[in-house]
Amino acid sequence: MQATSRPHVLPVVQQHAEESAVLRNVRSVLVAAPHVKLRHLRRLDDRIAAHLDGLAVAGELGWKLCEAALENPGVGEVFAATVRAIEDKNSNGLDKLLALVEAVPESQSGLISALGWVSAQFLQGTIKSLLASSPPFQRQIGIAACAMHQVDPAAALDAAIVDADASLRARGLRVAGAGGRRDLLAVCLKALADEDIACRFWAAYSAALLGDRHKAIDVLKEISLREGPFRVHALRLVLKLVDAPQARLLLKTLAADLATIRLLIQGAGIAGDPHYVPWLIKQMDDAKLNRLAGESFSFITGLDLAYLDLDGKPPEDVESGPNDDPDDPDVSMDPDDSLPWPDPAKIMAWWEANAQRFSAGVRYFMGEPVSVANCTQVLRDGYQRQRIAAAEYLCLLQPGTRLFPTHAPAWRQQRWLSKMG
């Protein structure tokens, strides 16, 4: 074995395997982070690519180390192993990985992202085989991979969207909207009555992207007002769709429950109505809400608070993330980590000097009324959370447009953006 004949290589290759997995886990956070732009993502992706190249050069040893890491199959470990299996044309290894992630669903995103990471040349035959397979799970993976490369699964998607398997059906409904398949709008509308919540949400989401402005909105409103896994996503989309009076009514309903204050602050930023700015500034007086309110203020006004020196130092008594107390059961990360701490006094002074530039009742996104040009610019230059919103807006403004994959490898995103002109 290579590790025996060249023992000095083993620690280096081991590091490539470990770093590939660790950096992939870091990436899962950064692709939806409030402080990361595409150029920052590119730097991380280049580091991941370098470690994956190291595994490729190591040949069999690289695969063996990735395979050994699957004893604890996290997302990162599955990602690294899947990239190696695909690029090495290791069909047995890929089959084992497919069986593994089906048994350990929480690692599934690692396999799907690996299929989205590798270049299309390595997927010839693999995706076709997945789409033609009998098990619904494998077809679901194949359809997800097509979406990540902006390839239409065609007949396989037509079949998936009405399949008896709920997970496959949900994935098909999701990809129908992301792929701009307006011919599937009627099927999406029919699926609004699906008993499965994931299917019902993705049916509404895709129907909205494909142009429906009636039934889909009703379902999105319903989901946004109830506890559930799709609540936040539904609220973010429906507030991009409804007019100012409807948005105010929806947010007023949320405001009746004090437990939804964070959701309410996020919603005010997405609604984009300058009417909410004074209220958002008031929320900045609360240290627990300060940064989130600042982000929503930026979504409306387009201001980079840190760049414009409209932020301040964090309060001394505020803890960020898990503490050192072993008896404290709360190990959750700070949801507002990496957001600047806005200075309420500075923000209010800016608003008093500039409020006349904004009209109440108009939907603003990053300082301008929502438009294709505005959203395209944000997609190029904005932070990841802003880019995700911009991609959705572009579909809503032009139904039938493919949803831009803001999670794709940065170099591929840059290539697609250059083609957009």
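Bear in mind that the values in this text are calculations on the coordinates, not laboratory data. Note that the structure is a prediction, hence the values are computed from the model and not measured. Cβ coordinates were reconstructed from backbone atoms using ideal geometry, including for glycine residues, and neighbour counts include every protein chain displayed.
Mind checking which aspartates and glutamates have their Cα closer than 19 Å to the Cα of residue 313? Skip sequence neighbours fewer than 8 apart in that chain.
Straight-distance partners of residue 313: 285, 286, 295, 304, 334, 336, 337, 343.
What is the order of 348, 333, fewest Cβ neighbours within 10 Å to most?
Going from sparsest to densest Cβ surroundings: 333, 348.
Which lysines have a Cα less than 30 Å from the Cα of residue 240, not counting those fewer than 8 places away in the same chain?
37, 190, 215, 221, 252, 282, 288, 346, 419
Of the trypsin sites (Lys or Arg not before Pro) in segment 77-162, which ones lie in a loop per DSSP and count no more than 14 other C-beta atoms within 10 Å?
Numbers: sites: 84, 89, 96, 128, 139; in loops: 89.
Answer by residue number: 89.
Starting from the amide H of residue 365, placed 1.01 Å from N in the peptide plane, find each other amide H under 5 Å away whose residue is 5 or more places distant or on another chain.
For residue 365, the qualifying residues are 370.
Add +1 for every Lys or Arg and -1 for every Asp or Glu among the other residues with Cβ under 12 Å from the Cβ of residue 185, and state the total.
Details: positive: 181, 182, 190, 213, 215; negative: 183, 212.
For residues surrounding residue 185, the net value is +3.
I need the peptides 411-419, 111-119 ranked by packing, meaning the mean over residues of other C-beta atoms within 10 angstrom, with the highest value on top.
My ranking of the peptides, most packed first, is 111-119, 411-419.
Once every DSSP H run of n ≥ 4 in the chain is given -39500 (n - 2.57) and the sum is divided by its residues, what mean residue ellipticity at 222 nm do you get, rounded to the nearest 500 deg cm²/dmol?
So the helix-based figure for the chain works out to -19000 deg cm²/dmol.
Just need the relative contact order of the chain here, percent rounded to a whole number, with Cα pairs under 8 Å and 6+ apart.
15 percent
In terms of modelled amide H atoms, which long-range or inter-chain residues lie less than 5 Å from the amide H of residue 383?
Those lying under 5 Å, H to H, from residue 383: there are none.
Please compute the contact order of segment 340-401 in relative form: average sequence separation of alpha-carbon pairs under 8 Å and at least six residues apart, divided by the residue count, as a percent.
21 percent
Report the local net charge at residue 167: Lys and Arg +1, Asp and Glu -1, summed over other residues whose C-beta lies under 12 Å from its C-beta.
The answer is 0.
With the dipole of the chain worked out from charges on the C-beta (+1 for Lys and Arg, -1 for Asp and Glu) around the Cα centre, which of 284, 68, 109 lies farthest toward the positive end?
Farthest towards the positive pole: 109.
For segment 174-215, which trypsin sites (Lys or Arg not before Pro) are both in a DSSP coil and crowded by at most 15 other Cβ atoms within 10 Å?
Here the trypsin sites (Lys or Arg not before Pro) that fit, given the DSSP loop and packing criteria, are 213.
Looking at (i) 65, 52, 47; (ii) 71, 53, 49; (iii) 72, 49, 36, which value of Cα extents along the principal axes in Å comes from a calculation on the structure shown?
The calculated read-out lines up with (ii).
Please give me the summed charge of the neighbours of residue 139: other residues whose Cβ is under 11 Å from its Cβ, Lys and Arg +1, Asp and Glu -1. Mind showing how you got there, number by number?
Numbers: positive: 169, 171; negative: 163, 165.
Local net charge: 0.
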